[in-house]
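J.: Got a structure here, written out as structure tokens. Questions coming.
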Amino acid sequence: MSTHKRPLTRRRVLGASALGVAATGAAVAGGTGLLSAASAATFGYSDDGRNYVVDTGTSLVFKVSKTTGDLTSLVYKGKEYQGYGGKNSHVESGLGASTVTVGKSGPVVLIKVVHGAITQWYAARSGQNNVYLWTDKKDASFTATRYIVRLKPGMFPNTGPDSWIETSDKIIEAGDVWRRADGTTHSKHYSGKRTIDYDHVGFTTGSVGLWLVRSNHEKASGGPFYRSLLRHSNDKGAGLYEILHYNEAQTEAERFGLQGPYVLSFTDGGAPSSALSHDRLDTGWVDGLGITGWVGAAGRGRVAGVGLKGMDAAYPYTVGFANADAQYWAKAATGTGAYSCTGMLPGTYTMTVHKGELAVHTTSVKVTAGAVTSLHSLTISGDPSTAKAVWRLGDWDGTPGEFKNAKLMTYAHPSDGRAAKWTGNVTIGGGDEAASFPAYMWKDVNNGVLVYFKLTKAQAAVAHTLRVGVTDAFAGGRPRVSVNDWVSAIPTAPTQPGTRSLTTGSYRGNNHSFIFNVPSSAWKTDTTQYNVLKLDIVSGSGGSAYLSAGTSFDCLDLLA
């Protein structure tokens with residue numbers, strides 16, 4: 001029965017999970033993802049009645065269902081890797097009845113799967129242990145966009161923060177966060193990686209590696225710092241994900257159109273060939289295949305910038321480009337800030353310069369097919385760190401990275417046994433102030449954190465601006481402050497994602513600064529006494545404990 005008219009819930013679309021050994025980043029020497037076409041001996045496809053069977057002419061044979069378009073078999077060097085719990089590998093949670101066709105053009109076999117708004121493509125190249133995939137989604141009739149590769153249990157080591165053991169670990173949140181007897185927490189959400197941080201994810205035994213090399217994510221959503229599911233593993237199986245749109249902790253509207261290729265690659269245990277990475281992949285062979293929505297290199301342009309002025313040498317800078325149809329980003333060179341972004345679809349983009357993850361400059365840029373848009377040096381104009389402060393907790397970089405438990409929270413639950421106590425107050429000038437301040441605050445967990453500080457006579461004689469920067473919030477949580485006897489109004493809640501984030505490995509929402517104008521009458525007149533700043537999280541929404549209303553912090557400062 002066709003399902004494309006029936007919206008899929010987040011639970012149906014992204015409900016499976018398992019565990020394994022993470023491997024991300026640049027490929028290592030010796031990867032065997034690409035083989036010479038000359039090695040192919042039996043390249044081609046056949047029909048076994050239920051599936052199209054593709055022999056890559058080397059060590060990989062895979063099958064695609066003729067009725068659903070599911071990937072039903074992955075046999076590498078004679079061993080079956082595909083499937084757990086009676087489920088196949090597929091786009092979304094399986095499309096159901098689909099129109100599936102196959103063809104061979106020289107050294108390429110191409111399978112096309114059509115189901116309503118989604119068209120899925122599989123390609124094999126002669127002599128390569130790879131499956132190339134594309135997903136074309138035309139509308140929101142499915143609520144998420146992902147491809148999941150489901151793997152049999154026991155094929156790869158079952159370790160890492162995105163792994164768990166269903167027979168012994170205990171569920172502590174929403175059916176997808178688990179606690180082990182040693183107090184550590186595990187979840188399919190706990191990859192610890194942003195999109196910009198990885199080229200591929202996968203598993204290895206040391207002698208066999210199976211990897212999913214991501215696409216350029218040009219029609220995905222969330223930008224370079226988005227965190228989502230990458231892989232999972234448990235005693236019942238394992239999985240690899242190419243997430244192209246996911247509502248959880250999402251900051252952008254969904255984009256539609258063709259996404260890919262992303263590549264499923266077997267190796268002799270090493271990382272996949274660097275030639276498969278989205279920024280290195282030669283796609284000239286794709287141009288003549290007739291893949292709907294495909295735009296080859298000739299139809300794309302590039303932006304090149306001389307550099308950035310006003311950078312803080314302590315931070316990396318990323319230049320992002322986004323419009324309603326596509327997103328891209330490039331890392332700025334240390335020192336000069338020079339950047340180059342290639343392979344862009346034509347159009348006008350909002351260009352954003354990020355210090356760390358904080359937007360500090362925006363402008364507009366037009367990209368033309370077959371041309372380079374050259375930009376002169378840009379002077380960064382929106383870094384809040386340039387304002388002189390009486391004191392500052394953390395720094396303005398768009399992350400809670402300097403604060404207590406921040407690093408752990410990208411791959412663990414806040415209740416994890418390795419986390420330091422979320423409670424505790426801070427004294428300015430006491431040493432390690434930022435490390436003592438909590439990265440996150442919740443109404444039910446650590447509300448009412450106090451910050452003690454002294455002012456000189458001149459400082460106490462005038463009003464000051466207090467800034468509280470946040471990176472995300474759950475259930476409308478936002479800070480209300482008091483200074484000694486003075487209490488601020490309750491600020492308006494800024495726009496933030498409407499789903500879990502602080503408990504699922506992500507602090508990434510919409511960076512926002514709350515501005516509080518504190519009058520001179522609020523300060524202690526005795527300069528030997530501490531002023532006391534109290535922060536409370538307020539909201540009319542939320543659950544309890546770590547699912548009560550909360551927020552994550554970027555920086556707090558009192559301006560001079």
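Bear in mind that the values in this text are calculations on the coordinates, not laboratory data. None of the values given here were measured: they were computed from a predicted structure. So basically every Cβ, Gly included, is an ideal-geometry build from the backbone, and we count neighbours across all protein chains shown.
J.: For the chain, what does the relative contact order come out to in percent, with C-alpha contacts under 8 Å and a separation of six or more? Walk me through the intermediate numbers first.
T.: On the way: 1548 pairs, mean separation 72.3, N = 560.
RCO, the chain: 13 percent.
J.: Also, quick follow-up: About the Cα centre of the chain, what is the dipole size in debye to 20, counting +1 per Lys and Arg Cβ and -1 per Asp and Glu Cβ, all else neutral?
T.: Values: 54 positive and 43 negative charges, 111 e Å.
Value, rounded to 20: 540 debye.
J.: List the aspartates and glutamates whose Cα lies under 19 Å from the Cα of K388, skipping any in the same chain that are fewer than 8 positions away.
T.: Correct list for K388: D312, D397, E433, D554, D557.
J.: Still on this model: How charged is the neighbourhood of V390? Take every other residue with its Cβ under 15 Å from the Cβ of V390, and add Lys/Arg as +1 and Asp/Glu as -1. Show your work: numbers first, answer last.
T.: On the way: positive: K388, R392, K454, K457, R467, K524; negative: E433, D557.
Charge balance in the 15 Å sphere: +4.
J.: Give me the lysines in straight-line cross-link reach of K331: C-alpha distance below 21 Å, same-chain residues under 8 apart excluded.
T.: Hits, sequence-local ones excluded: K193, K219, K309, K355, K366.
J.: Need the list of aspartates and glutamates near K152 for cross-linking: C-alpha distance under 16 angstrom, and skip anything on the same chain fewer than eight residues off.
T.: D70, E80, E166, D235
J.: Once you keep just the Cα pairs under 8 angstrom separated by 6 or more residues, what percentage relative contact order results for segment 385-559?
T.: Working: 419 pairs, mean separation 64.1, N = 175.
For segment 385-559, the relative contact order is 37 percent.
J.: In Å, what is the Rg of the alpha-carbon atoms in the chain, and how long is Dmax?
T.: Rg and Dmax of the chain, Cα atoms, are 25.5, 88 Å.
J.: Now for a separate question. Would you mind calculating the gained length between A489 and Y452 on full extension (0.36 nm times residue separation, minus the Cα-Cα distance), in nm to one decimal? Provide the component values of the computation, followed by the final result.
T.: Working: separation 37, 0.36 × 37 = 13.32 nm, distance 2.08 nm.
Between A489 and Y452, full extension yields 11.2 nm more.
J.: Then there is this: Go through H186, V100, L276 and say which Cα lies farthest out towards the positive end of the charge dipole of segment 13-282; charges sit on Cβ, +1 for Lys and Arg, -1 for Asp and Glu.
T.: Projecting each Cα onto the dipole axis, the largest value belongs to V100.
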